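A short worksheet on the structure shown next.
The values are calculated or read from the model by the stated rules, or taken from the named source; none is laboratory data. Bear in mind the structure is a predicted one, so any value in this text is a computation, not a measurement. Counting neighbours? That spans all protein chains shown, and the Cβs are built from the backbone with ideal geometry, glycine included. Keep in mind that these areas ignore ligands, DNA and RNA; they rest on the heavy atoms of the full protein, side chains included. Shrake-Rupley method; radii C 1.70, N 1.55, O 1.52, S 1.80 Å.
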Amino acid sequence: MPDPIRDTIFALSSGRPPAAIAVVRISGPRAGDALTALAGRLPEPRKAKLARVRDPVSGEVIDEALALWFPGPDSETAEDIAELQLHGGRAVIAAVLSALGRIEGLRPAEAGEFTRRAFENGRLDLTAVEGLADLIGAETEAQRRQAYRQLKGLLGKRAETWRARMIEALALVEARIDFSDEADVPEDLIGPALKVVQGLRDEIAEALAGAARGERLRDGLVVAIAGPPNVGKSTLLNRIARREAAIVSPMPGTTRDVIEVHLDLDGYPVTLLDTAGIRDSDDPVEQEGVRRAQQRASEADLVLWVHDATDGPAQGETSPFSGAVTKWVVRNKIDLLTSEKRDELSKRNEFDLSSIVFNLSATTGLGVAEFLAQLAGYAKTYFGVASSLLTRERHRKALNSAQTALDRVLAEGPSGREDIVAEELRLAAHSLGRLTGQVDVEDILDAIFRDFCIGK
Ligand SMILES: Nc1nc2c(ncn2[C@@H]2O[C@H](COP(=O)(O)OP(=O)(O)OP(=O)(O)O)[C@@H](O)[C@H]2O)c(=O)[nH]1
Ligand SMILES: [Mg+2]
């Protein structure tokens, strides 16, 4: 096990070479020595300085680079950090990394290790670490905004104030327990404590109410294309994705597996699924495809039920998914209809009246722009304008257990047992401590940092 404190770590922190520039970072007690060994001397703190980078053993010049020096504790990891901005060629990077590896006390960083040090040295709480991971992974504007707010402590600071208030309430209750025999301790300390708890409980409940939205924003709204075989589901997916993601053929039963594409619709993330045409089949592979299609569609936020407009009115076959899923009907292949037929179609809705019906052609693109505008509108309404505080299941679980503990406090009431109230308050505060990473989180740390890239 490498010593997380004493080792000095280094890594390529920029993207995959070759690139215009490569950033190599070094963090730890020997960062200054390493930079001196390669670049001659330390630049002034936080000022970029042009330097020749040499192999410390042979003295050969490897490259000319910008050198930066961030002495701890005012650095990202709270340790000494040195940074080299090199030309981003593979051989340059390889030579610099190999030179660093030969310096005593230095070793390559593990995935997420810079951030882990920032966390362990108290520069970031755990929710901010997750926000940072999400910011790096953000693919759309809405995701970027949510991640940035979390990195900046939107959730972490709220959780900290909640925890502080719980501890205040706990202090009131404990005062009653400790000094119950003494005359000058006010009789009613539980009452004020309960008032604090009620307020906390309501705020936490409100945050939990928006949790699903925040988690969805990370993963994307799931929209499944489903329907009978050969109606043009895969063609529609390809048209929306603007690439040939799925195989299209005139043979019914072409798509077997679920095909997934990620879209950015006006800044909102949407995961679009193409599924196997639903029909009875003797082919076990196709049966499995149909089973998957039905399962994914029933878990989706929105199902696009595609119908072939040339088949005439659908006979009540809208979709096998009843229940909570929202369903839109798409009549496809309208390019094959005369304009009279099209007019007639646009006035007719033989489907469930609550379904929105679109008439379009996935091949020619007719009607697709209107359809996409509606889809983007749907995503926008779904995510709403208000931001969600919680973005992960982990956050939801922590707040849920805090809320449950607070509920038990409230159930005890003003005449409740002080020791029970105190214990539940401790549990609630502990849940919030886990959320921000202040208490026993060893078990979740590895999972969180594993998602990071090396050099971050
Ligand atoms: N004219 C016309 N043909 C279309 C349109 N959309 C799809 N097709 C054709 O219909 C056939 C089936 O298209 P697919 O996209 O493979 O249909 P699917 O619903 O994915 O079929 P399965 O995967 O077998 O369930 C292909 O020959 C497509 O070229 C359309 O809007 N107009
Ligand atoms: Mg298909």
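Working ranking of peptides 367-377, 75-85 by packing, defined as the average number of other Cβ atoms within 10 Å per residue, highest first, is 75-85, 367-377. A 1.4 Å probe run over the protein chains yields, for region 219-383, 48 Å² of accessible area per residue, whole-number rounding.
Pairs from the list Lys157/Lys397; Lys152/Lys456; Lys327/Lys347; Lys333/Lys380; Lys327/Lys380; Lys233/Lys327 with a Cα-Cα gap above 23 Å: Lys333/Lys380. Using the average count of surrounding beta-carbon atoms within 10 Å as a protection proxy, the listed peptides 403-410, 221-228, 444-451 rank, highest first, as 221-228, 403-410, 444-451.
Roughly to the nearest percent, how much of the accessible area of the chain is carbon and sulfur, given a 1.4 Å probe? Carbon and sulfur together cover 51 percent of it. Here r is the Cβ-Cβ distance between Ala411 and Ala175 and R0 is 22 Å; the resulting FRET efficiency, rounded to 0.05, is 0.50. Counted residue by residue at 0.36 nm each, then reduced by the alpha carbon distance between them, the extension gain from Asp55 to Ile167 reaches 34.8 nm.
Sorted into 10 angstrom bins from 0, the C-alpha pair distances of the chain split as 4, 16, 18, 17, 18, 15, 9, 3, 0, 0 percent. If R0 is taken as 41 Å, the Cβ-Cβ distance between Gln85 and Thr310 corresponds to a FRET efficiency of 0.10.
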